[in-house]
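Encoded as structure tokens, the structure appears first; notes follow it.
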Amino acid sequence: MTVYSAAPVRPSGSRSARTADSRLLILDATVTCLVEDGYAGASTLAVQARAGVSRGRLLHHFPSRAQLLVAAAGHLSSTVLAAVRERAAALMADQPAGRERVDRAIELMWATFQEPPFWAAMELWTAARTDPGLRTALRAEERRLRAAIYGVADEIWGPELAAAERYPEVCELLFTSMRGVAIVHAFEDRPATTDPHLALWKRLAERMLSAPGAG
């Protein structure tokens, strides 16, 4: 599995820039710990060691582990959505329409469920089941992320498909189904690109969006 990594931090002379850089280092390290070692392995000591910062610096930014993990969830959200926007722009540069656009949109959506940020998020969601404090904090972040994801989805699908009457149902069905199917790939060694659900999602989406009354 590829280790999560954001853009490298560049040295800067200003105090505010150094503060922002160290915060980014800590958040990137947290995500990597979640991906490589799971929730149990993402301790503040482990994050501190991976980020290469002092204990005081880490606690200055994040006084508690819960605050650190929730901040990491928010960091994941903004980083992943920015990356998806860039990939969508490249993928849709030739302005595909109809079935071709549906297929590409679904392939891009599915790809995001195979990447390290998704698995880091899964670690947090699973831990939240038995951690009331984390669950409460993540619930607010999940609502924010959900709204942002749907905004990006509209860009991926394009105005014509996004205007279809059943488009919200299609998105909800795809997000929920893809999340569940992706979990299976955590313990099954088979290529995600050949998963039989991929063809099924494409057929269902095309039918739902092109059916009479869908627009």
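The values are calculated or read from the model by the stated rules, or taken from the named source; none is laboratory data. Just so we're clear, the structure is a prediction, and the values are computed from it rather than from any experiment. Reconstructed Cβ throughout: ideal geometry from the backbone, glycine too, with neighbour counts over all protein chains shown.
Values for this structure:
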item: Test: residue in segment 90-100 that is at pLDDT 85 or above, under 21 Å from residue 167 (Cβ atoms), assigned to a helix (DSSP H, G or I) and of a type outside the set (Asp, Glu); result: yes
item: Criterion violated by residue 171 - all others in (1) crowded, with 17+ Cβ neighbours inside 10 Å; (2) hydrophobic (A, V, I, L, M, F, W, C); (3) over 18 Å from residue 183 (Cβ atoms); (4) touching a Leu at 6+ places or on another chain (Cβ under 7 Å) satisfied; result: (4)
item: Meets criteria (within 27 Å of residue 93 (Cβ to Cβ) and either surrounded by 15 or more Cβ atoms within 10 Å (Cβ to Cβ) or basic (Lys, Arg) (or both)) for residue 195; result: yes
item: Residue among 129, 207, 146 that is without any contact (Cβ under 8 Å) to a residue 24 or more places away in the chain and closer than 27 Å to residue 86 by Cα; result: 146
item: Of all residues making up segment 128-179, the number that are among the hydrophobic types (A, V, I, L, M, F, W, C), out of contact with any helix residue (DSSP H, G or I) (no Cβ under 8 Å at 6 or more places or on another chain), closer than 20 Å to residue 208 by Cβ and assigned to a helix (DSSP H, G or I); result: 0
item: Residue in segment 106-117 that is polar (S, T, N, Q), surrounded by 15 or more Cβ atoms within 10 Å (Cβ to Cβ) and in contact (Cβ under 8 Å) with a residue 12 or more places away in the chain present; result: yes
item: Given (1) in contact (Cβ under 8 Å) with a residue 60 or more places away in the chain; (2) more than 19 Å from the chain's Cα centre (by Cα), index of the condition residue 94 fails; result: (1)
item: Hey, residue 93 within 19 Å of residue 33 (Cβ to Cβ), surrounded by fewer than 19 Cβ atoms within 10 Å (Cβ to Cβ) and among the aliphatic types (A, V, I, L, M) or not; result: no
item: Qualifying residue in segment 106-127 (condition: assigned to a helix (DSSP H, G or I) and over 19 Å from the mean Cα position of the chain (by Cα)); result: no
item: Filter pass, residue 126 being closer than 30 Å to residue 163 by Cα and among the hydroxyl-bearing types (Ser, Thr, Tyr); result: no
item: Residues within segment 6-45 that are at pLDDT below 65, surrounded by 11 or more Cβ atoms within 10 Å (Cβ to Cβ) and of a type in the set (Ser, Thr, Tyr), tallied; result: 1
item: Subset of segment 139-157 [more than 14 Å from the chain's Cα centre (by Cα), crowded, with 18+ Cβ neighbours inside 10 Å and not aromatic (Phe, Trp, Tyr)]; result: 156
item: Matching residues in segment 78-90 - criterion: being crowded, with 17+ Cβ neighbours inside 10 Å and more than 23 Å from residue 201 (Cβ to Cβ); result: 79
item: Residue check, residue 201 aromatic (Phe, Trp, Tyr), in contact (Cβ under 8 Å) with a residue 24 or more places away in the chain, closer than 22 Å to residue 95 by Cα and touching a Cys at 6+ places or on another chain (Cβ under 9 Å); result: no
